[in-house]
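Quick notes on the structure that follows.
The values are calculated or read from the model by the stated rules, or taken from the named source; none is laboratory data. Keep in mind that this is a model prediction, so the values were computed, not measured. Glycine also receives a Cβ, built like all others from the backbone with ideal geometry; neighbour counts cover every protein chain displayed.
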Amino acid sequence: MSELKVKNLRREFGSVVALEDMTFDVADGEFFCLLGPSSSGKTTTLRAISGLEELKEGEVRFDGQDVTRSPVQNRGMSMIFQTFALYPHMTVEANLAHPLRRDGVASDDIKKRVGEIAELLRVSHTLKRKTTTLSGGEQQRVAIGRAIVRRPRLLLLDEPLTNLDAKLRHEMRAEFKRLHRELGMTMVYATPDQLEALTMGERVGVIENGRVVAIGTPRDLYSMPNDLYVARMVGSPPINILSAATPDDGQVQLSFLKAPVHARSVLSGQDIAVGLRPQDIVLAEGGTAARARFPAKIHLTEPLGDVTIFDVAVQDVGLKMVLREEVAAQYSVGDEIEVAFDPSDLHFFDRGSGRRLGSG
Ligand SMILES: Nc1ncnc2c1ncn2[C@@H]1O[C@H](COP(=O)(O)OP(=O)(O)OP(=O)(O)O)[C@@H](O)[C@H]1O
């Protein structure tokens with residue numbers, strides 16, 4: 001069982017609190033993502049788990065054991081960093097063999113294990129080459145190979161795709177999922193990129209200022225964010241956040257709609273923020289009578305291939321919406337369109353605390 005429990009970690013650097021009550025669990029064999037912006041404490045968390053960061057407060061349990069004070073090499077973990085430093089003067093084969101040589105593994109075994117890892121990572125054809133002659137993607141594969149050749153029970157990955165171009169990142173996301181499936185290894189993957197976290201993580205922990213503020217499946221975090229910060233972190237393009245009046249208990253009035261929408265959990269006079277996903281706004285057509293509809297003007301279009309993002313203006317409010325390319329192609333900047341959404345797709349948050357109040 002390679003189950004990880006991270007409990008109440010605290011780490012300060014001078015006056016900077018890097019980790020504040022960092023707590024989460026990762027199940028045996030799970031692919032868990034930590035999602036947070038720069039400086040939120042992702043690297044410090046992974047370093048603390050692996051033993052590279054000394055902790056004054058908190059506990060790391062792995063495999064049912066308290067490993068908080070165990071030396072790095074005894075933890076059965078391996079970490080891949082943002083800058084995957086390989087030994088440039090060595091061949092791929094020597095890079096992969098290095099951790100095993102250090103452990104005193106017999107040469108026959110090393111040869112066999114390096115061969116297997118190279119095959120798994122599809123770098124067998126590069127074994128005799130120096131790592132400086134490899135492409136970025138191949139170098140990353142070798143770095144992964146070096147991290148897993150000792151068969152760690154937990155793999156920690158710190159933004160491992162940051163230095164790769166968009167196409168390679170896409171390829172490597174699929175590669176990490178395949179590796180996870182084939183090796184059944186517990187993985188903790190830190191990233192500031194919500195797309196990476198949502199496409200790879202079986203569960204995602206959202207970090208804000210050194211603590212996890214939400215944990216859930218990608219679907220849960222997207223469709224039922226527990227606060228405004230999480231709603232903004234998850235989803236692309238980002239969720240529209242709107243202001244609204246609260247004239248009565250259970251009533252929310254958006255400035256560009258004629259009638260208020262129903263919101264059971266909202267109180268009269270409460271200062272709220274209203275979230276509406278760009279994917280939940282559609283072109284108004286026949287049969288959308290139950291929806292809130294309003295005219296809008298196209299301000300900007302951003303074609304992404306299969307879909308186009310429209311920036312539309314309704315009165316003085318700007319909204320983003322997503323349309324399938326074949327529909328979007330019929331419109332141009334400056335066109336007036338009629339759009340609609342289902343009020344039950346609205347998310348209500350208390351503006352002060354950020355706490356979720358419910359849906360429409
Ligand atoms: N050795 C250190 N000395 C001083 N401050 C540090 C040190 N390590 C981390 N910090 C600070 O702790 C905070 C958290 O840093 P950390 O590197 O964990 O964040 P991160 O989420 O990984 O950021 P990024 O995505 O930019 O890598 C930051 O404010 C950082 O400046």
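The table that follows gives values for the structure above.
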quantity: Among residues of the stretch 204-229, those that are within 16 Å of the ligand (Cβ to nearest atom), among the β-branched types (V, I, T) and out of contact with any Ser or Thr (no Cβ under 7 Å at 6 or more places or on another chain), counted; calculated: 3
quantity: Residue within the stretch 122-135 that is part of a strand (DSSP E or B) and either charged (D, E, K, R) or in the same structural domain as V72 (by TED's automatic domain parsing) (or both) present; calculated: yes
quantity: Any strands (runs of 3 or more DSSP E) falling wholly within the stretch 276-360 and containing at least 2 residues that are within 30 Å of T246 (Cα to Cα) and free of Cβ contacts under 8 Å to residues at least 40 places away in the same chain; calculated: 292-303, 307-314
quantity: Tally of residues being surrounded by 16 or more Cβ atoms within 10 Å (Cβ to Cβ) and within 21 Å of G352 (Cβ to Cβ) across the stretch 208-231; calculated: 11
quantity: Of all residues in the stretch 82-119 being of a type outside the set (G, A, S) and touching a Ser or Thr at 6+ places or on another chain (Cβ under 8 Å), the one that is surrounded by the fewest Cβ atoms within 10 Å (Cβ to Cβ); calculated: P88
quantity: 3 or more residues near the ligand (Cβ under 10 Å from one of its atoms): qualifying strands (runs of 3 or more DSSP E) within the stretch 12-107; calculated: 16-26
quantity: Flag if N8 is more than 16 Å from the ligand (Cβ to nearest atom), surrounded by fewer than 22 Cβ atoms within 10 Å (Cβ to Cβ) and modelled with pLDDT of 95 or more; calculated: yes
quantity: Members of the stretch 234-248 found to be closer than 12 Å to G275 by Cα and polar (S, T, N, Q), listed by number; calculated: N240, S243
quantity: Check on L179, touching a Ser or Thr at 6+ places or on another chain (Cβ under 8 Å), outside any loop (DSSP other than H, G, I, E, B) and over 19 Å from R355 (Cβ atoms); calculated: no
quantity: Count of the stretch 136-161 residues which are on the phi < 0 side of the Ramachandran plot and either out of contact with any strand residue (DSSP E or B) (no Cβ under 8 Å at 6 or more places or on another chain) or not assigned by TED's automatic domain parsing to the domain that holds S50 (or both); calculated: 10
quantity: Single match in T186, T131, T162 (criterion: modelled with pLDDT of 90 or more and over 24 Å from G76 (Cβ atoms)); calculated: T131
quantity: Filter result for R153 (charged (D, E, K, R), more than 18 Å from the chain's Cα centre (by Cα), under 19 Å from L52 (Cα atoms) and surrounded by fewer than 21 Cβ atoms within 10 Å (Cβ to Cβ)); calculated: yes
quantity: Residues of the stretch 311-353 satisfying the condition of being modelled with pLDDT of 95 or more and at positive phi; calculated: G334
quantity: Some residue of the stretch 183-203 being assigned to a strand (DSSP E or B), β-branched (V, I, T), buried (at least 18 other Cβ atoms within 10 Å of the Cβ) and not assigned by TED's automatic domain parsing to the domain that holds T45; calculated: no
